[in-house]
There are 6 protein chains.
Amino acid sequence: MDFPVFFEDFEIGSSRVTHARTITEADIVFHAGHSGDFMPHHTDAEFCKTQPFKKIVAHGTMTFAIAIGLTVSSQPLNPHGMSYGYNKIRYPRPVFAGDTIKVNVKILSKEDHAKQPGHGILIEAKEVTNQHDEVVMYAEHVIIVEKRSAQKT
Amino acid sequence: MDFPVFFEDFEIGSSRVTHARTITEADIVFHAGHSGDFMPHHTDAEFCKTQPFKKIVAHGTMTFAIAIGLTVSSQPLNPHGMSYGYNKIRYPRPVFAGDTIKVNVKILSKEDHAKQPGHGILIEAKEVTNQHDEVVMYAEHVIIVEKRSAQKT
Amino acid sequence: MDFPVFFEDFEIGSSRVTHARTITEADIVFHAGHSGDFMPHHTDAEFCKTQPFKKIVAHGTMTFAIAIGLTVSSQPLNPHGMSYGYNKIRYPRPVFAGDTIKVNVKILSKEDHAKQPGHGILIEAKEVTNQHDEVVMYAEHVIIVEKRSAQKT
Amino acid sequence: MDFPVFFEDFEIGSSRVTHARTITEADIVFHAGHSGDFMPHHTDAEFCKTQPFKKIVAHGTMTFAIAIGLTVSSQPLNPHGMSYGYNKIRYPRPVFAGDTIKVNVKILSKEDHAKQPGHGILIEAKEVTNQHDEVVMYAEHVIIVEKRSAQKT
Amino acid sequence: MDFPVFFEDFEIGSSRVTHARTITEADIVFHAGHSGDFMPHHTDAEFCKTQPFKKIVAHGTMTFAIAIGLTVSSQPLNPHGMSYGYNKIRYPRPVFAGDTIKVNVKILSKEDHAKQPGHGILIEAKEVTNQHDEVVMYAEHVIIVEKRSAQKT
Amino acid sequence: MDFPVFFEDFEIGSSRVTHARTITEADIVFHAGHSGDFMPHHTDAEFCKTQPFKKIVAHGTMTFAIAIGLTVSSQPLNPHGMSYGYNKIRYPRPVFAGDTIKVNVKILSKEDHAKQPGHGILIEAKEVTNQHDEVVMYAEHVIIVEKRSAQKT
């Protein structure tokens, strides 16, 4: 069930959209306990009533984890790629319980890997939107991918 | 229990270390289900035996979530600060069940906020280390902080 | 706290009813993560609005697991019985968050075990109903039970 | 990301294999709490030492839920199919913490649906095996699938 | 499935023993997140190596919650009784992952309720022991129970 | 991040208030599964409609665990103190999903430890209140604290 894709096969500008998932109160409660982040913005509804959004907001780390989960469960594993890290994560709008999010994945750039011959560096934009098509998270994912041209023959 | 700190009070180069937390098999199982990321590197021990690390590795998104949890639970809430995002996340080494991680937080840089008068932009380096003092994650956290000089008098 | 019952003691047609349990949104979220089944019928409220039931439905595998949980927690363990499997599982109606289910257990049939002397095969009907007395699941449970007549004297 | 398949397209005897997943102690603990089934076979290690298998065994309902999770996460959703129930579930061998299971799905039979014109009944065998290629669960899944021939033109 | 018992029916000195349950690493991880108690004694294995017990100890609040769970799941609900509180909780020895605990419940004392005619106050000793028959928790539970003599005729 | 306090430093009557936390339906569902306490007061909404409070009430053991979690996460660890047990726990009012609780901690009494020279016994009152400032739990926590006067010089 793997889906092998080499560096040469990625096209700048090509994109895909993941499944969607509804974020629930239970997710926020789980995430507070899982991460140990019990900031009042995530766990104290009375405090939140005094804040601009008036209600509990999801953890940014949860939106990130669920977004990455959506991207990996929406397509088969590429055995030639390896996640290297992220160059940027931004949260332009909050996520609330009841929101349904999905991820738009787009190939932003490709360049040769300076230190690892036979590999390239791919940057994927991961834009997370809610049910109103508003962007709630934006990340640039750095992926190292093997080149076909470097495969043993 | 808040601990108000203004932009002027942060010193470049100052640092703190959080509590530590042992990552367990249960955390990895829980994170797979919570994030929906069931990649074989995190959930299939037989597959992992065929890979370089020989055993299941923790999700990068979990290390991130728990690291941020450690930083917020290790000091009081600063009502003058607001998380804006991250500029860089890297995972130089894997985290395994049984590893104990903690976070070293260091003020990297400060600059005025170009668009929000009365606020500054703080970059904190968050370096996550394991029990062997090896770096397993590195992040640069962007925080917007109010200036004391801009407070109403 | 065991409650030993031999094959001879079961009466065809006799029945019992379990405790009831309310299914919650948290149960469905938890089950998706536990089972890895993130089908949109269970995790995407926007998709569900376009479907006949208009809202998220519980996983059939969860109704099954909770129903069996209700039957085993509602009476003491019978050390002479062993679950062998199920002959039929049907889901005539959906279960939604907020529904309260209970299980009606009825002895359907008894026959000698062809290959294991001293044992019989019991079929129990397990009918799961919601708070409107509608059947939401029906299962036939196959149980192998020791005979009293085969006990050493 | 749907993958529409009509009744006519299924071939008796064709098969596929899912991803694999390692069952952990944490899964068994979670499942006991989620299902409410705290039978000593699943939660009391001292009791289990006195039993034939000498250690805690996974709940049959968990093996079932995770197996179905593996089958639905290993291929895209077919919008023309609907799960109707199961005709048989058997558990020939126990599953222990540390076992890695996967599911072999095979088309067993096809027949016209007597009461729903334009639909057929598909029976899929779902054979769950562990890392020793031993069968730990066997199920026959009944799925109702729309026929292409019945689609509006 | 209720089991009605009036105040008059309780006998001082009578006792019962519950089912047993093995405490796991997963339970401790889960409890830390559920309670928000991430004290290093429960979550930091490296810290624990420097402490007298050398390993992670279970939360006292978890032993308490699971012990009460064992007592209520081991006998039917008494509709005439109501939990009022506890007079004493002590933890003479630690509980570790892998320990199997059960609860010995004994009627310690009975007295008329000074302010609620028709009711009595029952004190039950709840002694939690591990697999070595060592006491790991001791609690005195205060229960208010209706009198038969006060029932309407 | 420890905050060492000796027995001599505690002042009778001094007090502090913890962060607050909103109790959710998800917490109650988790706690039922974690503790194994599925009493209908906590898990059966239809039963609860027939009871005085008309809705599901939180487990007393959960209020206790979360209250202790709030007290330990709201101040640094005191390496000179050790929890010994509780002298009294009372639940004057129920907690419902949606309630926000916090803990008021007050030093009630101090006395020398009869058997452990160099230590004292501290009793802290832990009063848990909801968002209406009503007391929902009251506990007296017994803590053994080292004396400064007994430290090696």
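The values are calculated or read from the model by the stated rules, or taken from the named source; none is laboratory data. No experiment lies behind these values; they were computed from the predicted model shown. Cβ coordinates were reconstructed from backbone atoms using ideal geometry, including for glycine residues, and neighbour counts include every protein chain displayed. Remember, those area values only see protein heavy atoms, side chains included, never the ligands or the DNA or RNA. Shrake-Rupley method; radii C 1.70, N 1.55, O 1.52, S 1.80 Å.
Would you be so kind as to list the residues of region A:53-81 that have their accessible area lowered by at least 40 Å² in the full protein complex compared with their chain by itself (1.4 Å probe)?
Buried on complex formation: A:Thr61, A:Phe64, A:Ala65, A:Val72, A:Leu77.
So which residues in region F:23-40 end up with at least 50 square angstrom less accessible surface once the other protein chains are there, compared with the chain by itself, probe 1.4 angstrom?
Buried by the other chains: F:Glu25, F:Val29, F:Phe30, F:His34, F:Ser35, F:Phe38, F:Met39.
Among C:Leu70, C:Leu122, C:Val103, which residue has its Cα furthest toward the positive end of the charge dipole of chain C, with +1 on Lys/Arg Cβ and -1 on Asp/Glu Cβ?
Working it through, the farthest residue towards the positive pole turns out to be C:Leu122.
Taking Cα atoms, how many degrees apart are the long axis of helix F:60-73 and the longest axis of chain F, rounded to 10 and kept between 0 and 90?
40
What distance in nm separates the two pseudo spin-label positions at B:Asp133 and E:Gln51, each 7 Å out from Cα along the beta-carbon direction?
About 2.5 nm separates the two model spin labels.
With an 8 Å cut-off on Cα pairs and a minimum separation of 6 or more residues, tell me the relative contact order of chain D in percent.
31
Give me the 1.4 Å probe accessible area per residue for the protein assembly as shown, excluding ligands and nucleic acids, in Å².
On a per-residue basis, 45 Å².
Ignoring ligands, DNA and RNA, what percent of the 1.4 Å accessible area of the protein assembly as shown is carbon and sulfur?
It is 54 percent, rounded to a whole number.
Past 29 Å, Cα to Cα, is the threshold; run E:Lys55/F:Lys115; E:Lys106/F:Lys102; E:Lys126/E:Lys147; C:Lys102/F:Lys54; E:Lys102/E:Lys152 against it and keep the listed order.
E:Lys106/F:Lys102; E:Lys102/E:Lys152
I want to make sure I understand the PRE zone here: with the label point 7 angstrom from the Cα of F:Ser14 toward its beta carbon, which residues in region F:65-90 have backbone N atoms less than 15 Å away?
Residues F:75-81 qualify, since their backbone N sits under 15 Å from the label point.
Computed over the Cα atoms of chain B, what is the ratio Rg over Rh, Rh following Kirkwood?
Working: Rg = 18.0 Å, Rh = 17.0 Å.
A ratio of 1.06.
Specify which residue in the list E:His59, E:Phe6, E:Pro94 is farthest towards the positive end of the charge dipole of chain E, using unit charges on the beta carbon of Lys, Arg (+1) and Asp, Glu (-1), about the Cα centre.
Highest projection toward the positive end goes to E:Phe6.
How many Å² of accessible surface get buried when F and A come together, counting both sides, probe radius 1.4 Å, rounded to the nearest 100?
It comes to approximately 800 Å² buried between F and A.
If I fit a long axis through the Cα atoms of helix E:25-35 and take the longest principal axis of the Cα atoms of chain E, what angle between them do I get, 0 to 90°, rounded to 10?
That works out to roughly 70 degrees.
Once you average over the residues of A:12-22, how many Cβ atoms of partner chains fall within 10 Å of each Cβ?
4
By its C-alpha gyration tensor, with a ≥ b ≥ c as the square roots of the eigenvalues, how is the protein assembly as shown shaped: rounded for a/c under 1.5, else prolate for a/b larger than b/c, else oblate? Intermediate results must be reported in sequence, preceding the final value.
On the way: a/c = 1.69, a/b = 1.00, b/c = 1.69.
Note, shape of the protein assembly as shown comes out oblate.
Longest span of chain A, sites excluded, free of trypsin sites (Lys or Arg not before Pro) in DSSP loop with at most 14 other C-beta atoms within 10 Å?
By the stated rule (loop sites, at most 14 other Cβ atoms within 10 Å), A:56-114.
Among the GluC sites (Glu not before Pro) in region B:1-66, which ones are in a DSSP loop with at most 14 other Cβ atoms within 10 Å of the Cβ? Mind listing them?
B:Glu11
How many angstrom lie between the C-alpha centres of region E:101-153 and region A:87-109?
That distance is 54 Å.
Considering all alpha-carbon pairs of region D:1-74, what whole percent are spaced by more than 20 angstrom?
Values: 1302 of 2701 pairs.
More than 20 Å apart: 48 percent of the Cα pairs in region D:1-74.
Only counting protein heavy atoms at a 1.4 Å probe, give the residues of region F:88-104, ordered by number, whose accessible area falls by 30 Å² or more when the other protein chains are present relative to the chain alone.
With the partner chains in place, region F:88-104 has these residues losing at least 30 Å²: F:Ile89, F:Arg90, F:Tyr91, F:Thr100.
Using the Cα centre as the reference, give the magnitude of the dipole from point charges on the C-beta atoms of region F:1-135 (Lys, Arg: +1; Asp, Glu: -1; all else neutral), rounded to the nearest 20 debye.
Magnitude of the dipole: close to 280 debye.
With the label 7 angstrom out along Cα to Cβ, how close does E:Gln151 come to the same site in each of the other copies, in nm, nearest first?
The projected label point of E:Gln151 is separated from its counterparts by 3.3, 6.4, 6.8, 6.8, 8.0 nm.
Under a cut-off of 13 Å between alpha-carbon atoms, report the aspartates and glutamates in cross-link reach of B:Lys110, not counting same-chain residues fewer than 8 places apart.
Cα-Cα hits under 13 Å: B:Glu8, B:Asp9, B:Glu11, B:Glu124, B:Glu140, B:Glu146.
Sorted from shortest, what are the nm distances separating the label point of A:Lys54 from equivalent points in the other copies, each placed 7 Å from Cα along Cα to C-beta?
2.5, 2.5, 5.8, 5.9, 6.3
Using the crude model of +1 on Lys and Arg Cβ and -1 on Asp and Glu Cβ, and no other charge, please compute the dipole size for the protein assembly as shown relative to its Cα centre, in debye to 20. It would help to have the intermediate numbers written out before the result.
Working: 96 positive and 108 negative charges, 0 e Å.
In debye, rounded to 20, the protein assembly as shown gives about 0.
As an exercise, identify the GluC sites (Glu not before Pro) in region D:107-153 lying in DSSP coil whose Cβ has no more than 14 other Cβ atoms within 10 Å. Show your work: numbers first, answer last.
Details: sites: D:Glu111, D:Glu124, D:Glu127, D:Glu134, D:Glu140, D:Glu146; in loops: D:Glu134.
For GluC sites (Glu not before Pro) across region D:107-153 that sit outside H, G, I, E and B with at most 14 neighbouring Cβ atoms in 10 Å, the list reads D:Glu134.
What three numbers, in Å, describe the spread of the alpha carbons of region A:90-153 along their principal axes, ordered from the longest?
Principal-axis extents of region A:90-153 (Cα, largest first): 52, 21, 15 Å.
Could you quickly flag the chain F residue whose beta carbon comes closest to the rotation axis taking F to C, and that distance in whole angstrom?
F:Ala26, 2
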